[in-house]
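Report on the structure given below.
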Amino acid sequence: MLIQSAFHPIKEIPLAGAEFSKEFKGGAIENWIDRDAQMALENQVKSSFGFRSALVRFMNQLRLTFLEEHNPYVVFGKDGYYFEEGYRSSVCGLDYLGEEAINAKIDSLDDFRNRLLLDGKKLIILIPPNKWRTYQKKVDWECKPKMTNYESFIEKLSHRGYSICDEIDLFQYEHSQRPPHPLHSKQGTHWSIFGAAMSADHLWMTFAQEGVSLPKFSIESEEVDSVPRNTDKDLHDLLNIMAPPKSENLAYPTFSFSEGYKPRVTVIGDSYYQSYYYLGLHQGLFSMDSKYFYYNKSMYTDSLDQKEVLSDAIRKEEIAASDAVLLVISEPSLKWFGYGIFELYSD
């Protein structure tokens with residue numbers, strides 16, 4: 001264990017999820033006097049000793065198997081469906097901003113759109129689906145009906161004439177039509193990879209409604225696998241247990257794209273949009289100069305392998321160089337509507 005802690009000769013699979021601990025920087029005498037340095041060093045040792053991830057998974061497996069205890073962020077629904085606890089508040093209206101605050105946010109959006117229009121740019125809004133709504137018969141919401149951010153935003157945005165690709169509504173309809181493959185995986189929190197692929201048609205038409213032409217595309221091949229890939233198992237990963245994901249037949253399409261002009265698009269959105277990179281949709285539909293502002297905090301370019309911290313100068317430069325801006329805002333993210341991008345242009 002000491003050798004592994006010091007040199008890490010055996011490659012370990014890191015634990016999923018976020019861990020918050022102070023980084024040990026040493027040095028300053030005042031940090032040792034007030035014991036901040038000692039605590040940071042202790043936390044660093046505890047979080048990085050050899051085989052820690054394997055031991056954590058072993059203990060979590062025991063807790064789940066014998067005590068039915070697990071990560072509280074994962075909700076076990078019916079028939080093997082998992083749900084993310086953090087998404088419950090949005091469907092229950094517990095994070096409802098209130099009409100006044102929502103009107104203020106849409107007023108800021110109006111100003112942002114008007115600035116874009118003056119420069120000949122378009123604005124498109126994509127609202128990804130919420131698994132809690134699509135599979136609401138598989139999980140108990142445990143709440144009384146209440147106004148939600150989604151219902152309020154959709155009504156007001158539609159009334160003001162915005163082009164919205166509302167995948168919450170579309171996925172509920174598509175699910176009722178019994179699609180050939182699941183739109184959400186049982187062990188994932190986002191849309192399934194297949195579900196993200198199906199949403200591309202809807203997004204293409206929304207861009208067309210705004211007068212922005214995207215390359216035509218089609219599914220070239222489709223592989224069905226019983227082992228979940230990528231985000232199709234992210235809730236299982238969050239359990240951090242030893243057992244592999246449960247078997248589930250899921251589809252993984254491959255796309256082909258027509259030649260021709262691709263618009264430069266600045267995407268400002270949450271983690272749902274990462275599936276578009278995995279499928280090659282971002283690279284195939286938009287120009288190679290298009291950027292993805294992840295929660296408007298960091299920026300991806302042509303892949304998810306590297307990202308850089310955003311500055312206001314970079315934000316303005318990228319939007320100024322783009323033909324359109326795509327806002328990707330899932331239901332839980334509506335409470336952060338715009339991710340602070342509107343304030344960048346406020347007078």
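Nothing in this text is a laboratory measurement; each read-out follows from the coordinates by a stated rule. None of the values given here were measured: they were computed from a predicted structure. FYI the Cβ positions are ideal-geometry reconstructions off the backbone, even for glycines, and counts take in every protein chain you see.
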From Cα pairs below 8 angstrom and at least 6 apart in sequence, can you work out the relative contact order of the stretch 134-290, rounded to a whole percent? 23 percent
Over the stretch 220-347, what is the percentage of antiparallel beta bridges among all DSSP beta bridges, to the nearest 5? 55 percent
Cysteines in the chain that, by Cβ-Cβ distance, have no pairing candidate under 4.7 Å: Cys165
Just rank Lys186, Lys297, fewest to most, by other beta-carbon atoms within 10 angstrom. Lys297, Lys186
Compute, for the chain, the length of the dipole vector about the Cα centre, with Cβ point charges of +1 (Lys, Arg) and -1 (Asp, Glu) only. Units Debye, rounded to 20. 520 debye
What full-extension length gain, to one decimal in nm, is calculated for Phe76 and Ser158 as 0.36 nm per residue of separation minus the Cα-Cα distance? 26.1 nm
Give me the percent of DSSP beta bridges within the chain that run antiparallel, rounded to the nearest 5. 50 percent
Calculate for the chain the 222 nm mean residue ellipticity that helices alone would give, adding -39,500 (n - 2.57) per DSSP H run of length 4 or more and normalising by residue count, nearest 500 deg cm²/dmol. -11000 deg cm²/dmol
Assuming R0 = 41 Å, can you tell me the calculated FRET efficiency for the pair Tyr345 and Glu259, based on Cβ-Cβ distance, to the nearest 0.05? 0.70
Run the paramagnetic zone check for His202: 7 angstrom along Cα to Cβ, then residues of the stretch 160-174 with backbone nitrogen under 17 Å. 162-174
Name the residue, out of Ile106, Ile219, Ile193, whose mean-square fluctuation peaks in a Gaussian network model built on the chain with Cα pairs under 10 Å. Ile219
If a/c stays under 1.5 just call it rounded; otherwise compare a/b with b/c (prolate if a/b is bigger, oblate if not). Do that for the stretch 103-186, with a ≥ b ≥ c from the square roots of the Cα gyration tensor eigenvalues. oblate
Specify which residue in the list Asn149, Asn103, Phe286 is farthest towards the positive end of the charge dipole of the chain, using unit charges on the beta carbon of Lys, Arg (+1) and Asp, Glu (-1), about the Cα centre. Asn149
Here is the link list: Lys233/Lys291; Lys307/Lys335; Lys233/Lys307; Lys122/Lys335; Lys11/Lys78; Lys122/Lys307. Which ones come out longer than 31 Å on Cα distance? Lys11/Lys78
Measure of size requested: the Rg and Dmax of the chain, with Cα atoms as the atom set and Å as the unit; please supply both. 22.2, 66
Net lengthening on full extension, Lys246/Asp140 (0.36 nm per residue, minus Cα-Cα): 36.0 nm
Please name whichever of Gln172, Val139, Leu183 sits farthest to the positive end of the charge dipole of the chain, dipole taken about the Cα centre and charges placed at Cβ: Lys and Arg +1, Asp and Glu -1. Val139
Anisotropy class of the stretch 158-261 from Cα gyration tensor, a/c 1.5 cut: prolate
Taking the stretch 233-323, which chymotrypsin sites (Phe, Trp or Tyr not before Pro) meet the DSSP loop condition and have no more than 11 other C-beta atoms within 10 Å? Tyr261
Could you tell me which residue out of Phe66, Leu118, Ala320 lies farthest along the dipole of the chain toward its positive end? Charges go on the beta carbon: Lys and Arg +1, Asp and Glu -1, centred on the Cα centre. Phe66
Show me 324-337, 88-101 ranked by packing, highest mean number of other Cβ atoms within 10 Å first. 324-337, 88-101
